[in-house]
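The values are calculated or read from the model by the stated rules, or taken from the named source; none is laboratory data. None of the values given here were measured: they were computed from a predicted structure. Because the Cβ atoms are built from the backbone with ideal geometry, glycine has one as well, and the counts that use them run over all protein chains shown. These area figures cover heavy atoms from the full protein model, side chains too; ligands, DNA and RNA do not enter into them. Shrake-Rupley method; radii C 1.70, N 1.55, O 1.52, S 1.80 Å.
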Amino acid sequence: INHIVHNGGLYKRPFNEAFEETPMLVAVLTYVGYGVLTLFGYLRDFMRQWKIEKCQNATEREEQKDFVPLYQDFENFYNRNLYMRIRDSWNRPICSVPGAKVDMMERVSHDYNWTFTYTGRVIKDIINMGSYNYLGFAQKAGTCQEAAAKVLSQYGAGVCSTRQEMGNLDKHEELEKLVARFLGVESAMAYGMGFATNSMNIPALVGKGCLILSDELNHASLVLGARLSGATIRIFKHNNMQSLEKLLKDAIVHGQPRTRRPWKKILILVEGIYSMEGSIVRLPEVIALKKKYKSYLYLDEAHSIGALGPSGRGVVEYFGLSPEDVDVMMGTFTKSFGAAGGYIGGKKELIDYLRTYSHSAVYATSLSPPVVEQIITSMKCIMGEDGTTVGKARVQQLAENTRYFRRRLKEMGFIIYGNEDSPVVPLMLYMPAKIGAFGREMLKRNIGVVVVGFPATPIIESRARFCLSAAHTKEMLDTALKEISEVGDLLQLKYSRHRLVPLLDRPFDETTYEETED
C-alpha cells in the first residue's frame, strides 16, 4: 500500500510511505513454521518432564512444588522453545564506540544457546547497521569527546543528588535553555532517562477522568506511562486519522462511561518516527484534529529529533509546522546526540508544573555532567553555533544515506516498510527460521544488524531493522547492500512484487530519487 499524500494543502511536501502486503504464500508458510516449532516445543517439554532431555530452564525446587508457581510453564514456553533457538542473535557484547564500525567480542555456545562462553577473540571493524547513531556523534575523538573529558575533570562523573536538592548544576540550566531554543519553545526540562521521561511524566499530566488516545504502535514507555496514569486509554489504528477522529467524536459525544460527564482532558499520544515500522506520524492531520476537537497533543520525538527536518529539529520542522501547535514535545538525547537522557519542551507553565509534580524530576538523580556536555556540544554543532557547518552537513548526509539505502533495497526486491525519509529501515523476513539465519549470515560477512520478532512485532511480521547514520560512507553502504543482496538470495528474502527499475549510472546525491516502477 503506497501512501502519497497532499491532503488539501495540509502537507507542504510529498508524504510517501509504503507497507507492501505480505504475500499469501509467505504468510501461510510463516504460520506453518510457527506451528511446527510449537509442536516440537511441546514434544521437547514432554521429554524434559520425563528426564529424557536435560531441563535447563528455571523451575521450582521439589519442596516448593505446592507453593504458588514463580515460573509459569506456558508463559515461558516461547522463551524455552522458540527464542532460545536464535538467542545468539541478541545481546552481542561490543567492545568499542558504537560508531559506523564496531568491534565485537566473539562468543560460542555448546548447549544450544542456553549459556555462552567467550573465546577471547575480538571481531574487528563490523559495519554497524543497528545503533541509533543517526548523526554520527557516537565517537571517541572530536570536539564532543574533548568537551566531555574537560567537564569530567572539572565536575566528576556523578551528581549524587536530585535536581531539587544539591544536584542542580549550571550545566543543567545551560542545557535546558539550549534545548528550548533548539525546539523553538518557551521552556524545557531535561531528565536522566529517556524511558522514564515518558513513563513518569504522563501520569503527572493526566489522571482519573481523563482520556488518552494512543497509537497502536506506540513505544512501551508511552504505554507504561498511560497505564500508570489511571486515565482511560483507547487505541487508534496506526497513523490512521479516520480511526483517531472517530474516537475523538465518540469521546466528545458520549463523555465518560456511565456518568456521561465530559472528559477532564483528552490527550493524544503519538511518536515522530515509529522505531519498528519506519513510518512518520501524519502530524499536520493530527494537529488539525487536535484543534478541531480541542484536545491536547503529546509528541514523542525520540527517533525524529536530529534525524528529520532541514536543520535537524525533528518532525515539526520536517512538515513546516509551528512548535506552538504541539502541547508537549518530548524527545531523547540517546540517539541523534550520542548521549543519554530525555527532555520535555513546551509552555513555561507546563514545565514549571512538571518541575514540581513529575516523579522523574523530584526523585531521579540528575544527569551526569559529561553527558550534559556531550548533549550541549552536539546540539550546538547541529545548530551551527560552534562556528562550523559540520552539523548541517551531517543532517544532509543522513537524508542522502536514507534515500539511497532505501531505494537500493527496493530495487533488489526486498519488502521495505516505512517512509522514504525515515532513517529506520525495516526489511521484512517473516519466517521464524530466517530471523536467526539472517543475523548470523550478516555477522559472518562483518555486518552487524538487529533482527526483530514476536512479541516486539506481529507474529508473522518478523524483520531486520537497519538504522542509517551520517557516519556511514557510500563505500560502507555499498558493501552492506552487496552482502544484504547476497544473503537475500541465499535465504530467498526478495518477496516484493513491486520491484523498482534501477537508474543506470545514478550519481550519489539527493536529486536523483525519482520513482520508476515496472
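Quick notes
- Qualifying residue in the stretch 458-467 (condition: modelled with pLDDT under 95 and touching a helix residue (DSSP H, G or I) at 6+ places or on another chain (Cβ under 6 Å)): yes
Results for (1) touching a Lys or Arg at 6+ places or on another chain (Cβ under 7 Å); (2) over 24 Å from residue 38 (Cα atoms), shown as yes or no for each residue.
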{"site": "58", "(1), (2)": "no, no"}
{"site": "61", "(1), (2)": "no, yes"}
{"site": "69", "(1), (2)": "no, no"}
{"site": "77", "(1), (2)": "no, no"}
{"site": "97", "(1), (2)": "yes, yes"}
{"site": "113", "(1), (2)": "yes, no"}
{"site": "117", "(1), (2)": "yes, yes"}
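- When residues of the stretch 159-216 are limited to those that are out of contact with any Leu (no Cβ under 6 Å at 6 or more places or on another chain), assigned to a loop (DSSP other than H, G, I, E, B) and among the hydrophobic types (A, V, I, L, M, F, W, C), the one farthest from residue 338 (Cα to Cα): 210
- For the stretch 373-394, a residue qualifies if it is of a type outside the set (D, E, K, R) and touching a Phe, Trp or Tyr at 6+ places or on another chain (Cβ under 9 Å), and the qualifying residues are 374, 375, 377, 378, 379, 381, 382, 383.
- Any chance residue 97 is open to solvent by 60 Å² or more (accessible area, probe 1.4 Å), β-branched (Val, Ile, Thr) and assigned to a loop (DSSP other than H, G, I, E, B): no
- Matching residues in the stretch 456-481 - criterion: being farther than 21 Å from residue 306 by Cβ, in a loop (DSSP other than H, G, I, E, B) and within 15 Å of the chain's Cα centre (by Cα): 456, 457
- Residue ID - nearest to residue 282 (Cα to Cα), chosen from residues in the stretch 219-234 that are touching a strand residue (DSSP E or B) at 6+ places or on another chain (Cβ under 6 Å) and open to solvent by less than 30 Å² (accessible area, probe 1.4 Å): 222
- Residue count for the stretch 418-447 satisfying the condition of being open to solvent by 10 Å² or more (accessible area, probe 1.4 Å) and on the phi < 0 side of the Ramachandran plot: 12.
- The set of residues in the stretch 262-282 that are in a loop (DSSP other than H, G, I, E, B), in contact (Cβ under 8 Å) with a residue 24 or more places away in the chain and not aromatic (Phe, Trp, Tyr) comprises 264, 265, 272, 275, 276, 277, 278, 279, 281, 282.
- Scanning the stretch 235-260 for residues that are part of a helix (DSSP H, G or I) and open to solvent by less than 40 Å² (accessible area, probe 1.4 Å) gives 241, 243, 244, 247, 248, 251.
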